[in-house]
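So the structure is just underneath, and the comments pick up after that.
What follows is calculated from the coordinates using simple rules that are stated; it is not laboratory data. Just so you know, these numbers come straight off a predicted model, no measurement behind them. Counting neighbours? That spans all protein chains shown, and the Cβs are built from the backbone with ideal geometry, glycine included.
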Amino acid sequence: MNIFFNNKLLKSTDEILFSEDEAKHIVKVLRKKIGDEILVTNGKGLKWRGTISSINIKNLKAIKLDAKLIPKPIENIHIAISIIKSNSRMEWFIEKATELGVNEITPIICFNTERKSLNLDRCQKIIISAVKQSKRFFIPKLNPVISLKEFLALKNKNNDTYIAHCYKGEKKLVHEIQSINNKVTVMIGPEGDFSTDEINFSINKNAIPISLGENRLRTETAGIFAINNLIIQKHILKTKY
């Protein structure tokens, strides 16, 4: 069943009126009709199930069958990633990271970052679309663009923070991260990697160096690889406790 999004939706909401664009999609693409069930979320854990009560191209209503709050998942994965020069590659990362289950994304500016701005409104629309695609009931948090040093100054001391880089040295492998109940933050650098000064500064702020393997990865690939490994590792650890 497809899932739709309405950020004003409450558990107590008895009837939903869909926008013209959504109504067209429901009628023309999904070919829904009166009496069909429909699933809606507010992105805050609400699963609202209803049936279509009236329908036309510009106006579609659904009445509630039931509604419940979904428990927030244990995965609490935060990716702080350098803005990528290519808009399409950055948007691809945001879309796929959302589908996989990331909980928070912070776009950061590093020494080697080539582009310093990001269309956050467009990125938010991509996140909502990916939430509907992957049938998630929680929308990941997208933070404003911030410099690496500002990011580290603001980070919670109780969170486990890791910095992935390609320089030689003692590093954990990403699949060796064993935090299960804490928020895990992984910092992903730009093309050209973090500078040595940024790595040393991060380590002085208690960030732990990690490796994503022997291959040199593009920024967006590295971010997706880290998310996937963290999710797998957390599920493995969860079965042990």
Item to check | Prolate/oblate/rounded call for the range 86-186, Cα gyration tensor, a/c under 1.5 rounded | outcome: oblate
Next on the checklist: Test of understanding: extend the Cα→C-beta vector of L69 to 7 Å, then name every residue of the range 4-18 with backbone N under 15 Å from that spot.
Outcome noted: 9-13
Checklist entry - For the range 70-156, what is the charge dipole size about the Cα centre, in debye to the nearest 20, if Lys and Arg each add +1 at the Cβ and Asp and Glu each add -1 at the Cβ? => result 100
Checklist outcome for this item: Scalar couplings 3J(HN,Hα) for the range 121-128 by Karplus 6.51 cos²θ - 1.76 cosθ + 1.60 (θ = phi - 60°), nearest whole Hz, x for Gly and Pro, are 5, 5, 4, 5, 5, 5, 4, 4
Next on the checklist: Please state the shape class of the range 44-114: rounded when a/c is under 1.5, otherwise prolate if a/b exceeds b/c and oblate if not, all from the C-alpha gyration tensor.
Outcome noted: oblate
Checklist entry - If you take the alpha carbon radius of gyration of the chain and divide it by 2.2 N^0.38 Å, what ratio comes out, to two decimals? => result 1.15
Item to check | D_trans [Stokes-Einstein, Kirkwood Rh over alpha-carbon pairs] for the range 107-166, 37 °C, 0.692 mPa s, µm² s⁻¹ | outcome: 238
Checklist entry - Between N182 and C166, what is the spin-label point distance in nm, taking each point 7 Å from the Cα along the Cα→C-beta axis? => result 2.9
Next on the checklist: Counting only other residues whose beta carbon sits under 14 Å from that of I26, what net charge do I get with K and R as +1, D and E as -1?
Outcome noted: +3
Next on the checklist: Which of R31, R115, R89 ends up with the largest GNM mean-square fluctuation for the chain, with Cα atoms connected below 10 Å?
Outcome noted: R31
Item to check | Residue pairs, from the table K33/K132; K8/K205; K28/K132; K141/K205; K24/K72; K28/K141, whose Cα atoms sit over 29 Å apart | outcome: K8/K205; K24/K72; K28/K141
